[in-house]
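*Asks:* What follows is a structure written as structure tokens; I'll ask about it next.
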């Protein structure tokens, strides 16, 4: 019998029965199922204690104290989905059910291990946030709160849910605010190193400050982005395409507010009324191979588009990773307000 099967009880069993099962299992939790093994409720040690405080007798049915609307997840999802759900709802246990709602597993937060990926995540956090003033007068843009936490914390959590826990923060403006909050990452379950820009270095130039360079493909991301992309898929895409550098791109469309005229010499051959143009734009998220360090000048301003242009000119293998997931560049006040409005819907959604 698997360990989780030992904490299954039926509605016919009493508080006392369930207390003994929970105590013997040391899991502090039980699932209540019907005769077919289908989930009908959950019970924690705390539920039983609160029932007793209400005056419930030890001989009453466990259904009198169980949670009759428990959170569960369908089987077949990847582990990071379950972990994200447990984190968002602050769950210590999560029943896994099949398509008939039959319990097939129970995940426990303290035993849930997500494989750790060695790939480094480098976050560019040195910008002045000029377009967001006065919000950034005393605080760097990545530390502005969207929802209930700093933008940067949401970014760190986004990588961590896929097992990426090794970070390098490139800091400059109001760097103490970032360093005081994150320290070296222990409180967030990650490892953080810092490089300090004493002058503006650009999104690629700051890489020259890193002394202990990554030996495997690594991420670079701007610190003012909110996204729901799957970082595992991005890394796999980069590796499968045998790329030296991969740029995430986002489709952007705009409408010309006039009739556009097409000509052939002096002849007018077509009129397109207010056409919509679509283009891919740089989304500020990259995967790079360690070999790119050879292209970055020491101590100079050097932007990421310049690096890509150089790699393209030398006919290196470069890829574009189109993202269709949620993505928002928080560059101006309007975008900051939008991010704050959308945060609870996008980053604490319960559909998994």
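The values are calculated or read from the model by the stated rules, or taken from the named source; none is laboratory data. Computed from a prediction, not measured in an experiment: that's the story for all the values here. Note: ideal-geometry Cβ built from the backbone for every residue, glycine included; neighbour counts use all protein chains shown.
*Asks:* Among the residues that make up segment 48-57, is at least one of them more than 25 Å from the chain's Cα centre (by Cα), surrounded by fewer than 15 Cβ atoms within 10 Å (Cβ to Cβ) and in contact (Cβ under 8 Å) with a residue 24 or more places away in the chain? Working first, answer last.
*Replies:* Keep residues of segment 48-57 that are more than 25 Å from the chain's Cα centre (by Cα), which gives 48-57.
Filter again for surrounded by fewer than 15 Cβ atoms within 10 Å (Cβ to Cβ), leaving 49-50, 52-55, 57.
From the residues that got through so far, the ones that are in contact (Cβ under 8 Å) with a residue 24 or more places away in the chain too are 52, 57.
Within segment 48-57 (the criterion being more than 25 Å from the chain's Cα centre (by Cα), surrounded by fewer than 15 Cβ atoms within 10 Å (Cβ to Cβ) and in contact (Cβ under 8 Å) with a residue 24 or more places away in the chain), the answer is yes, since at least one residue qualifies.
*Asks:* Here's something else I'd like to know. Can you tell me which of 155, 122 is buried (at least 20 other Cβ atoms within 10 Å of the Cβ), at pLDDT 90 or above, in the same structural domain as residue 301 (by TED's automatic domain parsing) and not in a helix (DSSP H, G or I)?
*Replies:* Numbers: 155 fails: not in a helix (DSSP H, G or I).
Within the list 155, 122, the selection yields 122.
*Asks:* Right, next: Does residue 331 meet the test of being out of contact with any strand residue (DSSP E or B) (no Cβ under 7 Å at 6 or more places or on another chain), crowded, with 17+ Cβ neighbours inside 10 Å and in contact (Cβ under 8 Å) with a residue 60 or more places away in the chain? Quick ask: steps written out before the conclusion?
*Replies:* Values: out of contact with any strand residue (DSSP E or B) (no Cβ under 7 Å at 6 or more places or on another chain): yes; crowded, with 17+ Cβ neighbours inside 10 Å: yes; in contact (Cβ under 8 Å) with a residue 60 or more places away in the chain: yes.
Spelling it out, residue 331 is indeed out of contact with any strand residue (DSSP E or B) (no Cβ under 7 Å at 6 or more places or on another chain), crowded, with 17+ Cβ neighbours inside 10 Å and in contact (Cβ under 8 Å) with a residue 60 or more places away in the chain.
*Asks:* Residue 217 versus (1) over 26 Å from residue 336 (Cβ atoms); (2) surrounded by fewer than 17 Cβ atoms within 10 Å (Cβ to Cβ): which is the lone unmet condition?
*Replies:* (2)
*Asks:* For segment 203-288, which strands (runs of 3 or more DSSP E) that fit wholly inside it have 3 or more residues that are in contact with a strand residue (DSSP E or B) (Cβ under 9 Å, 6 or more places away or on another chain), closer than 19 Å to residue 166 by Cβ and assigned by TED's automatic domain parsing to the domain that holds residue 149? First the steps, then the outcome.
*Replies:* Details: elements: 218-222, 225-227, 245-255, 259-264, 267-273, 276-288.
Result: 218-222, 276-288.
*Asks:* May I pose another question? Using beta carbons and a limit of 8 Å, which pairs, at least six apart or on different chains, have the first residue in segment 273-291 and without any contact (Cβ under 8 Å) to a residue 40 or more places away in the chain and the second one surrounded by 14 or more Cβ atoms within 10 Å (Cβ to Cβ) and not in a strand (DSSP E or B)?
*Replies:* Short answer, once both residue conditions are applied: 282/304.
*Asks:* List, please: which pairs have Cβ atoms under 7 Å, are six or more places apart or on different chains, and start with a residue in segment 311-323 that is in contact (Cβ under 8 Å) with a residue 24 or more places away in the chain and end with one that is loosely packed, with under 11 Cβ neighbours inside 10 Å?
*Replies:* The qualifying pairs are 317/242.
*Asks:* Within segment 162-171, does at least one residue satisfy the condition of being under 26 Å from residue 343 (Cα atoms) and part of a helix (DSSP H, G or I)? So that I can check it myself, show each step before the final result.
*Replies:* Let us first name the residues in segment 162-171 that are under 26 Å from residue 343 (Cα atoms), namely 162-171.
Among the residues that remain, those that are also part of a helix (DSSP H, G or I) are: none.
So far as segment 162-171 goes, no, none of its residues is under 26 Å from residue 343 (Cα atoms) and part of a helix (DSSP H, G or I).
*Asks:* Still on this structure, I have one more. Can you name every residue in segment 19-39 that is in contact with a strand residue (DSSP E or B) (Cβ under 8 Å, 6 or more places away or on another chain) and under 18 Å from residue 92 (Cα atoms)?
*Replies:* Taking segment 19-39 and keeping what is in contact with a strand residue (DSSP E or B) (Cβ under 8 Å, 6 or more places away or on another chain), we get 21-22, 27-39.
Hits for segment 19-39 are 21, 22, 27, 28, 29, 30, 31, 32, 39.
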